[in-house]
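To start, the structure under review is shown below, and the notes come after it.
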């Protein structure tokens, strides 16, 4: 896999184990076999499915490894059924990507002592070699004097692009030159395309699909929007801040930890297209304000360096291993 190749390029041995979802018992047995042979000190899982499968494998192996779970979403947790195992004593440390996510874990019954915040980070030089975005005007069929609003996110219910489309209708009514780029793929794509048509926004809202040239796309935008009703933190926000864009985000989960209302963007209530549209319009009509907030965002995002994420993760490993000696 590409991930295994990257790990091996870094001089670290890796073993790929084919898994088919969190109920893949055969896959869990394969993983347990690898764990018995490798005898790791730490088992670190990074998604909900990996969390389940990792615990299965841990229980099927010698159970010597200390289990660490990264939690990136602020969905409420359940302590019933499988949740009693997933969020019980078997996990030594939950690493939450934001204080908002940590708060949800604690409210769900996970002891605070078994949680820590390790914020998602990004490579602060990732866009240094991005292409000039000029080619995108022709590819997307956008006029050069358009006012461009962007969203980069999975097309999924908790990202709430439905709210964004409702807001877009209001923004375009106020600013006819406004255009929206929604970047990503997901299960709601067809429903969102239908909603776009019903709102009469086929010309003004473009769904780009999955793109690799995110740096160039961000370089084209005037405003970045994240309309989520649930959000752990949102690394797409950090990417936009790195590119000097003002942000309009919802006041949920970990978003307020990156977007400081009035400093590098505006926070609005979730599921409120009127408030979302008002904040977008406020930025579209004031270039000086956009530039001011964008400069502030570039400073704030320096706190989200991926190297600090790595350092804090390693520190939690060491702390957990010391606790169990």
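The values are calculated or read from the model by the stated rules, or taken from the named source; none is laboratory data. These figures come from a predicted structure and were not determined experimentally. All Cβ positions, glycine included, derive from the backbone under ideal geometry; neighbour counts span all protein chains shown.
Structure data summary
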read-out	value
Meets criteria (on the phi > 0 side of the Ramachandran plot and outside any helix (DSSP H, G or I)) for residue 253	yes
Residues that are assigned to a loop (DSSP other than H, G, I, E, B) and either more than 13 Å from residue 294 (Cα to Cα) or over 20 Å from the mean Cα position of the chain (by Cα) (or both), drawn from the stretch 256-277	262, 263, 269, 270, 271, 272
Selection within the stretch 293-318 - without any contact (Cβ under 8 Å) to a residue 24 or more places away in the chain and more than 22 Å from the chain's Cα centre (by Cα)	315, 318
Near pairs, Cβ below 7 angstrom, 6+ apart or cross-chain, from the stretch 1-16 (assigned by TED's automatic domain parsing to the domain that holds residue 33) to any residue that is outside any loop (DSSP other than H, G, I, E, B)	14/4; 14/7; 14/8; 15/34; 16/4
Qualifying residue in the stretch 10-23 (condition: in a helix (DSSP H, G or I) and surrounded by 11 or more Cβ atoms within 10 Å (Cβ to Cβ))	no
Count of the stretch 35-70 residues which are over 15 Å from residue 321 (Cα atoms), surrounded by fewer than 15 Cβ atoms within 10 Å (Cβ to Cβ) and over 28 Å from the mean Cα position of the chain (by Cα)	5
Filter pass, residue 89 being more than 27 Å from residue 322 (Cβ to Cβ), assigned to a loop (DSSP other than H, G, I, E, B) and over 21 Å from the mean Cα position of the chain (by Cα)	no
Any hit, the stretch 199-214, residues being closer than 19 Å to residue 244 by Cα and touching a helix residue (DSSP H, G or I) at 6+ places or on another chain (Cβ under 9 Å)	yes
Flag for residue 186 being under 18 Å from residue 217 (Cβ atoms), at pLDDT 95 or above and either out of contact with any strand residue (DSSP E or B) (no Cβ under 6 Å at 6 or more places or on another chain) or buried (at least 17 other Cβ atoms within 10 Å of the Cβ) (or both)	yes
Residue count for the stretch 93-103, restricted to those that are surrounded by fewer than 21 Cβ atoms within 10 Å (Cβ to Cβ) and in contact with a strand residue (DSSP E or B) (Cβ under 8 Å, 6 or more places away or on another chain)	1
Tally of residues being part of a loop (DSSP other than H, G, I, E, B) and either free of Cβ contacts under 8 Å to residues at least 12 places away in the same chain or within 18 Å of residue 133 (Cβ to Cβ) (or both) across the stretch 195-220	6
Restricting the stretch 108-128 to residues that are out of contact with any helix residue (DSSP H, G or I) (no Cβ under 8 Å at 6 or more places or on another chain) and touching a residue at least 12 places away in the same chain (Cβ under 8 Å), the residue that is farthest from residue 238 (Cα to Cα)	109
Out of 202, 251, sole residue that is surrounded by fewer than 21 Cβ atoms within 10 Å (Cβ to Cβ) and in contact with a strand residue (DSSP E or B) (Cβ under 6 Å, 6 or more places away or on another chain)	251
Residue in the stretch 138-146 that is in a helix (DSSP H, G or I), over 15 Å from the mean Cα position of the chain (by Cα), closer than 27 Å to residue 180 by Cβ and in contact (Cβ under 8 Å) with a residue 24 or more places away in the chain present	yes
Residues within the stretch 71-92 that are buried (at least 22 other Cβ atoms within 10 Å of the Cβ) and within 22 Å of residue 318 (Cβ to Cβ), tallied	2
Residues of the stretch 62-86 that turn out to be over 25 Å from residue 36 (Cβ atoms) and not in a loop (DSSP other than H, G, I, E, B), as a count	3
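Listed here are the residues, each with its yes/no results for (1) modelled with pLDDT under 95; (2) part of a helix (DSSP H, G or I); (3) surrounded by fewer than 21 Cβ atoms within 10 Å (Cβ to Cβ).
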| position | (1), (2), (3) |
| --- | --- |
| 163 | no, yes, no |
| 171 | no, yes, no |
| 181 | no, no, no |
| 193 | no, yes, yes |
